[in-house]
1. Report ³J(HN,Hα) in whole Hz for each residue of the stretch 132-144, in order, from the Karplus equation J = 6.51 cos²θ - 1.76 cosθ + 1.60 where θ = phi - 60°; Gly and Pro get x.
2. Quick check: at a probe of 1.4 Å, how many percent of the accessible area of the chain sits on carbon and sulfur atoms?
3. Which residues make up the longest stretch of the chain that has no chymotrypsin sites (Phe, Trp or Tyr not before Pro) in a DSSP loop with at most 11 other Cβ atoms within 10 Å?
4. Compute the relative contact order of the stretch 1-114 as a whole-number percentage, counting only Cα pairs closer than 8 Å that sit 6 or more residues apart in sequence.
5. Accessible area per residue of the stretch 1-153 at 1.4 Å probe, in Å²?
6. Just to confirm the number: angle between the C-alpha axis of helix 231-264 and the first principal axis of the chain, 0 to 90 degrees, nearest 10?
7. If you bin the C-alpha pair distances of the stretch 56-165 every 10 Å from 0, what whole percents do you get?
8. Please say if the stretch 128-242 is rounded, prolate or oblate, where rounded means a/c under 1.5 for a ≥ b ≥ c the square roots of the C-alpha gyration tensor eigenvalues, and otherwise the choice is prolate for a/b larger than b/c and oblate otherwise?
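The values are calculated or read from the model by the stated rules, or taken from the named source; none is laboratory data. This is a predicted model, so every value here is computed, not measured. Neighbour counts run over all protein chains shown; Cβ positions are idealised from the backbone, glycine included. Keep in mind that these areas ignore ligands, DNA and RNA; they rest on the heavy atoms of the full protein, side chains included. Shrake-Rupley method; radii C 1.70, N 1.55, O 1.52, S 1.80 Å.
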Amino acid sequence: MRSRLALGAVVVGVPLALALLGPLFAGEPGPRAASFTLGGGHWLGTDFVGRDVWRQVLLGGRSVVLVALAATALAYLVAFPVGLLSALTQRSWLEELLMRPLDVLLAVPSLLMILLVAAVFTPGAVGLTLLVALVNIPDAARIVRAAAAEAASRPAVEALRMQGETWWRTAVGYVGRSLTRTLAADAGVRLTGVLYLVATAAFLGVGVEPDAADWAVMVDRNRTGLFVQPWAVVVPALLIVALTMGANLLVDAGLKTRLKKGKRT
């Protein structure tokens, strides 16, 4: 487990460090060279307009990573109370009021929803964050509701109610804490999906400028020179893959470590 945790930390740490600290070391842009060339003082060559690829890599991660992390956090911030309340409420009308609008939203494909909104408005980074969070709320809320309903049916919850414990302590103190493993496992998978959506939206020009320093935009704009100067495409693509793979390695290792500790106690 320690080796898997270390591997996950290293794999996810590289793209995170580049995304968060890269702009501090990017420096001023140098003179542009010929498109898709190697050497000439450029570690990873130049991109489609002659810019230094390494500098673009240092600048391009922050938008992808911050939007993905913020969208995932916002999705759970809304989905957790909605799913928990719908699972524990004894009023059927309240459950219908909370879940039926999410079912309607769930019926629309996520990327289609983003493209439809982007066709009417021009979302920036904040708008893209809100859109990606919105399309992830229905799934997350259903997972929270299903897990909370199972936990709420346990004898321990009935015992807490008979003891006169408050709704808050029963719902959050017991049921909410029992969802930790389920939500941690879902968070790793959901972050992968969110990164896919953010990268795809950026690839299609939603939420970012066409010439922005963004890993997904780099893959899109430089793909024509893949066989001439592959680093302009391969490096940002590998960083996105490493971020998703490393996050899931960390979650899996953390869950197994906690499960072993639980068995020992």
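1. Listing the rounded values in order: 5, 4, 4, 6, 9, 4, x, 4, 5, 5, 5, 5, 4 Hz.
2. 68 percent
3. Counting only loop sites that pass the neighbour cut-off, the longest clear stretch is 1-120.
4. About 18 percent, as a whole number.
5. Numbers: 8000 Å² over 153 residues.
Accessible area per residue: 52 Å².
6. Value to nearest ten degrees: 30.
7. Distribution as computed: 13, 34, 28, 15, 7, 2, 0 percent.
8. Values: a/c = 5.07, a/b = 3.36, b/c = 1.51.
It comes out prolate by the Cα gyration axes.
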